[in-house]
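Below is one structure; the comments refer to it alone.
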Amino acid sequence: MNTIFRKSMLSVAGLAFAGGVFAGPIAAHANPVDAKPVAVAVQTNAPKPQGDQSHITLNDEQTANVKAIIAATKKAGLPERAAVISIATSLQESKLENLGHLGDMNDHDSLGLFQQRPSSGWGTPEQITDPEYSTTAFLKGLKQVDGWQDMPLTDAAQTVQVSAYPDAYAQWEQQATDLVGQHWNS
């Protein structure tokens with residue numbers, strides 16, 4: 001950490017402390033105010049999003065798929081970070097659309113939210129196109145990645161997906177984080 005930044009942070013901390021020492025006794029005698037609770041951002045050890053970020057507007061079907069991914073993540077007993085990685089992966093693979101066979105546009109036999117392949121052992125076409133099943137299958141792979149909780153999202157997703165475009169997942173991290181923040185407790 002450079003010296004100027006460190007001194008600035010110490011100065012801010014000192015001012016905050018001094019303000020608390022001065023205002024604390026005054027605030028203790030103030031009349032209570034009716035206030036509604038506010039949302040607080042939860043700080044995690046997760047790395048910051050890498051590179052330029054992409055964003056799409058979701059329709060009702062895509063939003064339902066976000067909620068299905070979150071529900072499957074909770075059912076698996078995994079934390080919000082797992083849902084962020086799952087949603088970012090699905091944003092890259094299918095734009096959160098549960099894709100069936102796309103004919104000539106199909107990438108081999110890839111199907112569903114995560115573009116998983118029956119021929120690669122992900123499950124039957126019916127299973128892979130079930131959002132809960134496909135998310136659970138993705139999460140099973142994610143849990144086998146040592147240190148997935150703290151590694152860059154794109155590395156964790158790529159280790160599970162083995163994509164031809166390993167860095168593409170990173171662009172969806174911010175939107176996935178926002179979606180999990182919006183829907184995790186709803």
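A short reminder: the numbers here are calculations on the coordinates, not readings from a lab. Everything numeric in this text was worked out from a predicted model, so none of it was measured. Here the Cβ is made from the backbone with ideal geometry for all residues, glycine too, and neighbour counts use every protein chain on show.
Taking label points 7 Å from Cα along the Cα-to-Cβ direction, residue 164 and residue 185 give a separation of 4.3 nm. Checking the Cα-Cα distances for 48/140; 75/143; 75/140; 74/140 against a 20 Å cut-off, the pairs over it are 48/140. Placing dummy labels 7 Å off each Cα toward the beta-carbon, the span from residue 132 to residue 64 is 1.5 nm. In terms of packing, defined here as the mean over residues of other Cβ atoms within 10 angstrom, the peptides 156-163, 169-176 line up highest first as 169-176, 156-163. Less than 5 angstrom separates the built amide H of residue 112 from those of 99, 100, all sequence-distant by 5 or more or on a different chain.
Take every pair of alpha-carbon atoms less than 8 Å apart whose residues are at least six positions apart; their mean separation over the length of the stretch 47-186 yields a relative contact order of 34 percent.
Placing a label point 7 Å from the Cα of residue 143 along the Cα-to-Cβ line, the residues of the stretch 76-96 whose backbone N sits under 12 Å from it are 76-79.
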